[in-house]
Amino acid sequence: MNKEYRPEAEIESLDESKKVEILSKFIRHLIASQAAMVVPLIKKYGDEAKEYVKNELRKRMRERFKRMCKEKGLGDDLNSYRKMIWDTILLPSSVLGQMGGTVVEASDKKLWTRDTKCIMLEGWKETTDSPEIMCEIDAEIEKALAEAVNPNLHYTKYYWGMPGGEPHCEFIVEFKKKPTEKK
């Protein structure tokens with residue numbers, strides 16, 4: 001008997017934890033694929049290629065994040081940044097099992113976080129022996145997010161300890177100047 005395959009029926013039969021597991025594996029595959037494409041190009045073509053990738057990624061993501069901030073009606077303060085970083089990076093990562101980030105310090109001028117688990121790093125390690133290259137490139141996404149919220153919001157510390165075997169990475173984002181005032 002030839003029974004017609006209906007993927008939607010299979011999806012409907014899955015419980016939520018199985019769906020999260022499937023999505024997690026798929027996202028990890030995408031992350032591993034990203035490193036498999038980018039790292040060999042950087043190794044072959046050097047710093048000029050790496051800077052090109054970083055600049056293009058930052059520019060394109062900054063514009064995307066600006067649109068998202070506008071759609072969400074967010075301001076230009078650290079609370080808006082925290083909302084965006086939560087919605088776009090931390091919440092999805094948490095749903096996929098990345099529980100290991102802590103806030104070291106939070107004020108209206110500074111946000112300092114420490115991460116002890118990174119699904120990005122885990123995925124990159126599957127296809128490259130140089131995951132630190134991907135850490136450096138991926139940082140442009142977070143920098144773009146900060147700039148999209150407020151041009152005076154900057155990362156003042158990036159410590160990628162985990163690719164080198166350390167137990168954590170740390171990041172500090174803070175205002176270099178006063179937050180811009182709404183008119």
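The values are calculated or read from the model by the stated rules, or taken from the named source; none is laboratory data. This one's a predicted model, so the numbers in the text were calculated from it and none came from an experiment. So basically every Cβ, Gly included, is an ideal-geometry build from the backbone, and we count neighbours across all protein chains shown.
One residue is enough: does region 100-117 have a residue meeting the conditions outside any strand (DSSP E or B), of a type in the set (A, V, I, L, M, F, W, C) and either in contact with a Leu (Cβ under 8 Å, 6 or more places away or on another chain) or at pLDDT 85 or above (or both)? No, that holds for no residue.
Would you pick out the residues in region 58-75 that are more than 26 Å from Ser24 (Cβ to Cβ) and either in contact with a strand residue (DSSP E or B) (Cβ under 8 Å, 6 or more places away or on another chain) or not in a loop (DSSP other than H, G, I, E, B) (or both)? Passing the criteria: Arg58, Lys59, Arg62, Glu63, Lys66, Arg67, Cys69, Lys70, Glu71. Taking only region 101-154 into account, find how many residues are among the aliphatic types (A, V, I, L, M) and more than 18 Å from Met84 (Cα to Cα). Here the count works out to 7. Among the candidates Thr156, Thr127, Thr102, Thr113, the residue that is in contact with a helix residue (DSSP H, G or I) (Cβ under 8 Å, 6 or more places away or on another chain) and not aromatic (Phe, Trp, Tyr) is uniquely Thr127. Taking Val39 as the residue in question, decide whether it is modelled with pLDDT of 85 or more, surrounded by 12 or more Cβ atoms within 10 Å (Cβ to Cβ) and not hydroxyl-bearing (Ser, Thr, Tyr). So Val39 fits the description; yes. Looking across region 67-83 at every residue that is acidic (Asp, Glu) and crowded, with 17+ Cβ neighbours inside 10 Å, the one that is farthest from Ser107 (Cα to Cα) is identified as Asp76. In this structure, Met120 does not qualify as aliphatic (A, V, I, L, M), closer than 13 Å to Val149 by Cβ, out of contact with any strand residue (DSSP E or B) (no Cβ under 7 Å at 6 or more places or on another chain) and surrounded by 19 or more Cβ atoms within 10 Å (Cβ to Cβ). When Asp115, Asp77 are screened for being in contact with a Cys (Cβ under 6 Å, 6 or more places away or on another chain) and closer than 22 Å to His154 by Cα, only Asp115 passes.
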